[in-house]
1. Among the candidates A:Thr77, A:Thr109, which residue alone is of a type in the set (Val, Ile, Thr) and free of Cβ contacts under 8 Å to residues at least 60 places away in the same chain?
2. If a residue must be over 21 Å from B:Phe102 (Cα atoms), under 10 Å from the mean Cα position of the chain (by Cα) and open to solvent by less than 20 Å² (accessible area, probe 1.4 Å), how many such residues does the stretch A:79-114 contain?
3. Within the stretch A:42-52, is there a residue that is open to solvent by 30 Å² or more (accessible area, probe 1.4 Å) and touching a Phe, Trp or Tyr at 6+ places or on another chain (Cβ under 7 Å)?
4. For B:Gly41, are the conditions met, namely being of a type outside the set (D, E, K, R) and within 11 Å of another protein chain (Cβ to nearest Cβ)?
5. Which of the residues that make up the stretch B:66-112 are acidic (Asp, Glu), away from chain A (no Cβ under 14 Å) and open to solvent by 30 Å² or more (accessible area, probe 1.4 Å)?
6. Restricting to the stretch B:54-112, and then to whatever is of a type in the set (Phe, Trp, Tyr) and closer than 24 Å to A:Arg36 by Cβ, can you tell me which residue is farthest from the chain's Cα centre (by Cα)?
7. So which strands (runs of 3 or more DSSP E) are wholly in chain B and hold at least 3 residues that are of a type in the set (D, E, K, R)?
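The values are calculated or read from the model by the stated rules, or taken from the named source; none is laboratory data. Since the model is a prediction, treat every value here as computed from it, not as a measurement. Virtual Cβ from ideal backbone geometry, glycine too; neighbours counted across all protein chains shown. Surface accessibility is based on the protein's heavy atoms, side chains included, excluding ligands, DNA and RNA. Shrake-Rupley method; radii C 1.70, N 1.55, O 1.52, S 1.80 Å.
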Amino acid sequence: SAVISQKPSRDICQRGTSLTIQCQVDSQVTMMFWYRQQPGQSLTLIATANQGSEATYESGFVIDKFPISRPNLTFSTLTVSNMSPEDSSIYLCSVDLRGRDGYTFGSGTRLTVV
Amino acid sequence: GENVEQHPSTLSVQEGDSAVIKCTYSDSASNYFPWYKQELGKRPQLIIDIRSNVGEKKDQRIAVTLNKTAKHFSLHITETQPEDSAVYFCAARRANDYKLSFGAGTTVTVRA
C-alpha cells in the first residue's frame, strides 16, 4: 500500500496567520482529498484535488479560506488562511489508491489556533 | 448527497463478547461501504469493506453485512479484545462518484 507523509504533524498558530500543510505520496495517485476532523467528530471533506485542475470544494468551504495546490500526481498542499480559533482541528489528506476503493489517510496535522 | 447515519454513538462491551455497529444510508445508488478504525491520536485505517453485489464479508474476527433493500450495513466484531477499543466509522460511496460520506462514528470500549 502507498505511504503518505503529511507535515507538519502539529502546530500552534496565532490567529490571523496562515498555515500550509503538505501531503506527499510515494506513488502516483489521481485524486487527493483533504478532510477536517474536529475534536470528537467525524471526517468532513473539505475539497478534492486533481492534478492539473482547480480543486473542487464542498459546501461550506471556499478557496479563499482553504487554497489547495496539486502540482503533480504525488503531492498536494492545503493552506488554512487567516486562521481563527474555530479552525483548530485535525486536517487529514487522503488518497484514492489505484486498484483499490478504500481511501488511505495521512497521519494528520493537529492545528491549534490561539 | 448521501446521508449516512451510524448507531450507537458509544458501545461498551466485556472482553470476549461481540460488538455490532449499524449504519443506514439514504441513496440507493450507493454501492461501496468501507469501515474505518481510528485509535486515539492516530489516522483512520480501513479494516473491511463491502460492495453492493455481496451480502456479507468476513475477515477473521470482523464481518460486515449489507442489506440493500433496507439500506443498512453492519460491522460485527466477535471475541472482542482490548485492542479493539477505538472509534469506528462507516462510510458509503455512490456509484460513479469518488467521495465517501462518513457516519458520525462509534466509540467502542472493551472492558477487561
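1. The unique qualifying residue is A:Thr77.
2. Residues flagged as over 21 Å from B:Phe102 (Cα atoms), under 10 Å from the mean Cα position of the chain (by Cα) and open to solvent by less than 20 Å² (accessible area, probe 1.4 Å) within the stretch A:79-114 amount to 1.
3. Looking through the stretch A:42-52, at least one residue is open to solvent by 30 Å² or more (accessible area, probe 1.4 Å) and touching a Phe, Trp or Tyr at 6+ places or on another chain (Cβ under 7 Å).
4. Taking the combined requirement at face value, the residue satisfies it.
5. B:Glu79, B:Glu83
6. B:Tyr98
7. It comes to B:56-59.
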